[in-house]
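Engineer: Structure below; questions to follow.
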Amino acid sequence: MTRLLLLLLGLAAAAVVADDVMQFNDGDFDGKTASHDTVLVMFYAPWCGHCKRLKPEFEKAASILKNNDPPVILAKVDCTEDGKDSCSRFGVSGYPTLKIFKGGDLSSDYNGPREANGIVKYMRSQVGPASKELTSVEVAEAFLAAPEVSVVYFGEDSKLKDAFIQVADKLRETVRFAHSVKAEVDEKYGYKNVIVLFRPKQLHNKFEPSSVSYEGAEEKTAIQAFIKKNYHGLVGHRTQDTASEFVPPLVVAYFNVDYVKNPKGTNYWRNRVLKVAKNFEDFSFGISNKDDFQHELNEFGIDFAAGDKPVICARNAKSQKFVMKDEFTMENLETFLNQLSNGELEPYLKSEAIPTQDGPVTVAVGKNFDDVVTNTDKDVLIEFYAPWCGHCKKLAPTYDELGEKMKDENVAIVKMDATANDVPEAFNVRGFPTIFWKPAGGSPVAYNGGRELDDFVKYIAKEATTELKGWDRKGKAKKTEL
């Protein structure tokens, strides 16, 4: 009976959250968007996998933003049913598509994060002033109670305040700003004519201050630099929303990070990382939920992490990857970081086994890449592909034929499965197939030519370091003497 009651209560709570997202259709779309100052609309299709993944995050954000000051409404439109005309009218061509409406009019496309906290932060930045006025001690306390970093100016009008407001306007999509307008607020917090960065309560620790004051010049760039340097603290909470803000050299502890359900357990491990991290100023540090970042763990060769203890992965300044193989302890982490600092560790390289080369196209993997591409005395044309890619499969017979054509030339025709092997940073692979030309002793250049055999031959004939035996520089076949 108790179990059934809990189940019903859970279903009721889920229904309340879901109800916070309004459903619009063609008949009421204009009226409903016009009745609210700011609305974020998700145009979706019920069968869409990306929409299904976004749905719970969208619902969580809706339950928070409805109580925002001013409120932000989240709504959805089914493009396969009674929202077809609205989707067509606003140029929806893929799912999900998110757009921001203000006062009934389309304001802009939504280009923010796709997880709840990121949606909340982004949409809060779209309403009201860039910096919130703290009109009383109660308002200030409520503002600083939020589980986010807050940057506040205390004091009177000044050049510093003017610069602060300009920075707030520029960074409003990623940082919360406020300024006091009452002397009682300044007196309560003990600040006057100063900018203060407050860290959220759940990140307070004994290894760094819970707030940091800005003591620089009255310049926007200096204030921005101060915020960037201090925003995440010594060991930041690295989420899907903020991951791009943590750059190498970087050390990340992956475990069951959860500041909603288990803040005490999360900080138990974070504090142990902090105690070691304070002695390694050359690295940035972060903690990440291991489930949210399983794709990253895969890149380090880790298919499963239990999450009960941190798994430590790192990138050095060259973005090479390293994994702490020993079980997490503070002593093992310190040893790992010392070895990493001293260049004593072997980088982790994702690679298939080196294959037997028995075809017209040389196969590169992570372990032999330098031999067949980087350090060879041949010019190289290399294709980065994915086994599931239809365009790659279509190209394969042409690429094999090209390999046969070039087998007697000082040119290597190479391919590499970029999903199963690490791709060096110099080769920027963003889709499949991606093709690069690497002249002997030179730097790689993206190949953007045609995909027919003759296109490849003409390109290689023109770009080859040494003129080809079988073709002139214009790609015309040379006559063979009898």
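Engineer: Regarding G128, is this residue surrounded by 14 or more Cβ atoms within 10 Å (Cβ to Cβ) and either in contact with a Leu (Cβ under 7 Å, 6 or more places away or on another chain) or not in a helix (DSSP H, G or I) (or both)?
Structural biologist: For G128, the condition - surrounded by 14 or more Cβ atoms within 10 Å (Cβ to Cβ) and either in contact with a Leu (Cβ under 7 Å, 6 or more places away or on another chain) or not in a helix (DSSP H, G or I) (or both) - is met.
Engineer: Check off (1) loosely packed, with under 15 Cβ neighbours inside 10 Å; (2) within 23 Å of R124 (Cα to Cα) for P96 and give me the number that stays unchecked.
Structural biologist: Here P96 clears every test but (1).
Engineer: For segment 364-380, give me the residue count where each residue is of a type outside the set (K, R) and outside any loop (DSSP other than H, G, I, E, B).
Structural biologist: 10
Engineer: Can you tell me which of (1) buried (at least 16 other Cβ atoms within 10 Å of the Cβ); (2) under 23 Å from the mean Cα position of the chain (by Cα) is the one F90 doesn't meet?
Structural biologist: All conditions pass for F90, except number (2).
Engineer: Quick test for you: out of N410, N428, N448, N421, pick the one residue that is polar (S, T, N, Q), open to solvent by 40 Å² or more (accessible area, probe 1.4 Å) and in contact with a Leu (Cβ under 9 Å, 6 or more places away or on another chain).
Structural biologist: Unique residue meeting the criteria: N410.
Engineer: Now for a separate question. What single numbered condition from (1) aliphatic (A, V, I, L, M); (2) more than 30 Å from F143 (Cβ to Cβ); (3) at pLDDT below 90 fails to hold for A13?
Structural biologist: Answer for A13: the failing condition is (2).
Engineer: Scan segment 381-405 residue by residue and report those that are out of contact with any helix residue (DSSP H, G or I) (no Cβ under 7 Å at 6 or more places or on another chain) and assigned to a helix (DSSP H, G or I).
Structural biologist: G390, H391, C392, K393, K394, L395, A396, P397, Y399, D400, G403, E404 - these are the residues of segment 381-405 that are out of contact with any helix residue (DSSP H, G or I) (no Cβ under 7 Å at 6 or more places or on another chain) and assigned to a helix (DSSP H, G or I).
Engineer: Right, next: Among (1) of a type in the set (F, W, Y); (2) open to solvent by 20 Å² or more (accessible area, probe 1.4 Å); (3) within 21 Å of A116 (Cβ to Cβ); (4) not in a loop (DSSP other than H, G, I, E, B), where does Y254 come up short?
Structural biologist: It fails just one condition, (2).
Engineer: Across segment 99-112, which residue is surrounded by the most Cβ atoms within 10 Å (Cβ to Cβ) among those that are part of a loop (DSSP other than H, G, I, E, B) and at pLDDT 90 or above? Reasoning before the result, please.
Structural biologist: Step one: filter segment 99-112 for residues part of a loop (DSSP other than H, G, I, E, B), giving 103-104, 110-112.
Subset that is at pLDDT 90 or above: 104, 110.
Numbers: G104: 15, Y110: 19.
That would be Y110.
Engineer: In segment 411-435, which residues are among the hydrophobic types (A, V, I, L, M, F, W, C), more than 17 Å from G366 (Cα to Cα) and part of a loop (DSSP other than H, G, I, E, B)?
Structural biologist: Residue satisfying the conditions is F432 alone.
Engineer: For segment 57-87, give me the residue count where each residue is farther than 24 Å from A116 by Cβ and open to solvent by 30 Å² or more (accessible area, probe 1.4 Å).
Structural biologist: Residues in segment 57-87 being farther than 24 Å from A116 by Cβ and open to solvent by 30 Å² or more (accessible area, probe 1.4 Å): 5 in total.
Engineer: Something else: Output the qualifying pairs, or none if there are none: Cβ atoms under 7 angstrom, residues six or more apart or on different chains, first residue in segment 317-335 and under 18 Å from L349 (Cα atoms), second residue among the aromatic types (F, W, Y).
Structural biologist: Pairs that qualify, where the first residue is under 18 Å from L349 (Cα atoms) and the partner is among the aromatic types (F, W, Y), are K321/F300; K321/Y348; F322/Y348; V323/F300; V323/Y348; M324/F336.
Engineer: Show the residue pairs that are 6+ apart or on different chains and have beta-carbon atoms under 6 Å apart, the first residue being within segment 28-56 and touching a residue at least 24 places away in the same chain (Cβ under 8 Å), the second being assigned to a helix (DSSP H, G or I) and of a type in the set (S, T, Y).
Structural biologist: Pairs that qualify, where the first residue is touching a residue at least 24 places away in the same chain (Cβ under 8 Å) and the partner is assigned to a helix (DSSP H, G or I) and of a type in the set (S, T, Y), are F29/S86; V39/T33.
Engineer: Give me the helices (runs of 4 or more DSSP H) completely within segment 149-233, filtered to those with at least 3 residues that are open to solvent by less than 60 Å² (accessible area, probe 1.4 Å) and polar (S, T, N, Q), ordered by residue number.
Structural biologist: By residue number, no helices (runs of 4 or more DSSP H) qualify.
Engineer: If you check every pair at least six apart or on different chains, which have Cβ atoms under 7 Å apart with a residue in segment 114-126 that is basic (K, R) first and a residue that is in a helix (DSSP H, G or I) second?
Structural biologist: Hits for this filter: R114/L54; R114/E57.
Engineer: So, one more: With respect to the numbered conditions (1) of a type in the set (G, A, S); (2) at pLDDT 90 or above; (3) part of a helix (DSSP H, G or I), which one is the sole condition not fulfilled by A18?
Structural biologist: Looking at each condition in turn, A18 falls short on (2).
Engineer: In segment 131-148, which residue that is surrounded by 15 or more Cβ atoms within 10 Å (Cβ to Cβ) and among the aliphatic types (A, V, I, L, M) is farthest from R238 (Cα to Cα)?
Structural biologist: The residue in question is V137.
Engineer: Ok, one more. Could you tell me which of the residues V120, V139 is assigned to a helix (DSSP H, G or I), more than 31 Å from the chain's Cα centre (by Cα) and over 26 Å from E219 (Cβ atoms)?
Structural biologist: Details: V120 fails: more than 31 Å from the chain's Cα centre (by Cα).
Answer to the selection: V139.
The values are calculated or read from the model by the stated rules, or taken from the named source; none is laboratory data. Quick caveat: nothing in here was measured; it's all calculated off a predicted structure. Positions of Cβ are backbone-derived with ideal geometry, glycine not excepted, and every protein chain shown enters the neighbour counts. Side chains are part of the model used for accessible areas, which takes the heavy atoms of the whole protein and leaves out ligands, DNA and RNA. Shrake-Rupley method; radii C 1.70, N 1.55, O 1.52, S 1.80 Å.
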